[in-house]
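In what follows, a single structure is set out as structure tokens and then discussed.
The values are calculated or read from the model by the stated rules, or taken from the named source; none is laboratory data. Just so it is clear, the structure is predicted and the values come from calculations on it, not from any experiment. Note that each Cβ is placed from the backbone with ideal geometry, even for glycine, and that neighbours are counted across all protein chains shown. Accessible surface is based on the protein model in full, side chains and every heavy atom, while ligands, DNA and RNA are left aside. Shrake-Rupley method; radii C 1.70, N 1.55, O 1.52, S 1.80 Å.
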Amino acid sequence: MLSLTLTRSIFRPTLARSLALRAATLHTLPDLPYSYDALEPHISAEIMELHHSKHHQAYVNGLNAAEESYVKAPSTRDRIALQAALKFNGGGHINHSLFWKNLAPVKEGGGKLKDGKFKAALERTLGSGWGWLGYNSKTKKLEIVTTSNQDPLLTHEPIIGVDIWEHAFYLQYLTSIWNVINFEEAEARFTEVA
């Protein structure tokens, strides 16, 4: 039977090795694939710069700090206590890194959904109908739900209904972000998993 000390030395890397490994894996703020003003007039340069260089950078800093604390944590209990910070900051970093690629300047195809596998899947899945913010009385939570055609929302208590039939789009129904959505990136992600 292995002693507790021997077991710990086998399964837990030394602090020096952990710190060296940590230094090689610091997370950094990714560059945007476009300039801060490239999404104007739909999203201002000021908002993009603040969102990217301050907000996203805070998640990167928080993730690096949480990982450093994790490596230095003296006990399993201390490492478990860091899980929320790792998830929150790691999720913020991962989500924002994907988000920047979800957007593209209009002159580079932003807002243009071309015919293809992704568009067909969107139309098949969403089609015409309604988008809802509904209250689920079983879970006691607000949830986003869609219904096809003119089907009413029966599974939730309707809170907000958004008409997603084609005629709504003719009246500039959607918000400005749809003018800069990078549908090519969405197509690539969809093709990778579908």
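What do you get for Rg/Rh of the range 13-145 when both radii come from the Cα atoms and Rh is the Kirkwood radius?
Numbers: Rg = 20.4 Å, Rh = 18.5 Å.
With Rg and the Kirkwood Rh in hand, the quotient comes to 1.10.
Here the Karplus relation 6.51 cos²θ - 1.76 cosθ + 1.60, evaluated at θ = phi - 60°, turns the backbone of the range 53-70 into coupling constants of 6, 9, 5, 5, 4, 4, 5, 4, 4, x, 5, 4, 5, 5, 5, 5, 5, 4 Hz, with x for every Gly and Pro. Packing, taken as the mean count of other beta carbons within 10 Å per residue, orders the peptides 74-81, 114-121 from highest to lowest as 114-121, 74-81. Ligands, DNA and RNA excluded, the heavy atoms of T125 present near 100 Å² of accessible surface to a 1.4 Å solvent probe. Too long at a 25 Å Cα-Cα cut-off: which of K54/K141; K87/K112; K87/K141? Pairs exceeding 25 Å: K54/K141; K87/K112. Positive contributions from Lys and Arg (+1) and negative ones from Asp and Glu (-1), summed over other residues with Cβ under 10 Å from the Cβ of D37, come out at -3.
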